[in-house]
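Only one structure is covered here, and it is reproduced in the block below.
What follows draws every value from the coordinates through simple rules; no lab data is involved. Note that the structure is a prediction, hence the values are computed from the model and not measured. Every residue, glycine among them, receives a Cβ derived from its backbone with ideal geometry; neighbour counts consider all protein chains shown.
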Amino acid sequence: MKLRVAGTTYAGAVVDLRTRDIDGRIIAASIRGQRRFPAVSCPEPPAVYAYTGHVHPSMGLRTRTALAAAARSRGYETPQDDAIAECRAQLAELDCSPPELPDPVDPVPESTIDGLQEAVATHRGRLTARQAVGADDEAVQAALRDAATELSERETRRAAARETRELRRERARAYRDTLEKQRRLADELANLRRNARATLVDRCADTFARAIEAVPGPVPDSPFNADPVTAALAVLRVARTPAPVVLGTDQFRSPTAASDCLDAPVVRC
């Protein structure tokens, strides 16, 4: 590990910053890649660091979740892993963005179509009658053309309104189906993760209990009733911790003792 703070570079498995006025949260954020400064050069922290990367008296801890992450850092697998990966892949493939809906087209009343059809029929009858007696039919033909044109335009508009309405319905229905599938997959994934977490916790329960006894701090009646700091230290002892742990607690007699107990690099703030 290399850590540069305010112009000073620290190197090694143990760095003691208690004489420097720096918040441990800042160091932890840099270790997790959330800040560029202070500059830290170290291995990539595993997921367990999201829970125990910064141990301090005011912290909270979801002990079982953190312990499951510690088990993952050790490469442990569960029977649910393949199904979890499949659920994640299916969720990633879903396009849950709202659909683009065509602008609605005002419908044409059936009464309008009926009226125009009657007008066309009337003009056509008049044209036939005038042609039968050899009368001038130019005006009637013009009226028939106008009525037929208007009828065609209104029928086209009615068809467009119907098609647009159906298209909007289909896209809205497909969107609702996609959201329902997303919800169903998300629920399935959450259940699989809970089952996997339970499997990992059961697998590490005895190791965690021994770790509770090995780290400094009060030993509870049940390991999972340990206070957050003690539980976090025990989780770190269970985990593989290649990246430095930021400690803001006095439970160890020295930063070196903390590093030895946790088998991890340590930054004491």
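When the chain is fully extended, how far beyond the present Cα-Cα distance does Asp95 get from Asp81, taking 0.36 nm per residue of separation?
Details: separation 14, 0.36 × 14 = 5.04 nm, distance 2.38 nm.
Using 0.36 nm per residue and subtracting the Cα-Cα distance, I get 2.7 nm.
Between Arg145 and Val105, what is the label-point separation in nm under the 7 Å Cα-to-beta-carbon projection?
Modelled inter-label distance: 2.5 nm.
Which three extents, in angstrom, do the Cα atoms of the chain have along their principal axes, listed largest first?
122, 46, 27
Work out, step by step, the length gained on full extension between Ser41 and Asp250: first 0.36 nm times the residue separation, then minus their alpha carbon distance; give nm to one decimal. Show your work: numbers first, answer last.
On the way: separation 209, 0.36 × 209 = 75.24 nm, distance 2.53 nm.
In short, 72.7 nm is gained.
Amide H of Val5 versus every other amide H placed in the peptide plane: which residues, excluding those fewer than 5 positions away on the same chain, fall under 5 Å?
Residues meeting the amide H criterion: Tyr10.
Only sites in a loop by DSSP and with at most 15 other Cβ atoms within 10 Å count here; which GluC sites (Glu not before Pro) in segment 95-198 make the cut?
Details: sites: Glu100, Glu110, Glu118, Glu138, Glu150, Glu153, Glu155, Glu163, Glu166, Glu170, Glu180, Glu188; in loops: Glu100.
Sites meeting the loop and neighbour criteria: Glu100.
Pop the C-beta distance of Arg62 and Thr8 into the FRET formula with R0 = 51 Å and round what comes out to the nearest 0.05. Can you show the working numbers first?
Numbers: r = 36 Å, r/R0 = 0.70.
Once rounded, the FRET efficiency stands at 0.90.
What whole number of Å gives the distance from the Cα centroid of segment 99-128 to the Cα centroid of segment 224-251?
78 Å
Can you figure out the FRET efficiency of Gln182 with Arg210, using R₀ = 51 Å and their beta-carbon distance, to the nearest 0.05?
Working: r = 42 Å, r/R0 = 0.82.
E between Gln182 and Arg210, to the nearest 0.05, is 0.75.
Once you've got the GNM for the chain with C-alpha springs shorter than 10 Å, pick whichever of Ser259, Ser111, Ser73 has the biggest mean-square fluctuation.
Highest fluctuation of the listed residues: Ser111.
Would you please give the residues with an amide H less than 5 Å from that of Val266, counting only those at least 5 places away or on a separate chain, with H modeled from the backbone geometry?
Val14, Val15, Val245
List the residues of segment 97-118 whose backbone N lies under 20 Å from a point placed 7 Å from the Cα of Arg162 along the Cα-to-Cβ direction.
102-118
Name the residue farthest towards the positive end of the dipole of the chain from the options Ser152, Ala190, Ala257, assuming +1 on Cβ of Lys and Arg, -1 on Cβ of Asp and Glu, about the Cα centre.
About the Cα centre, the residue reaching furthest to the positive side is Ala257.
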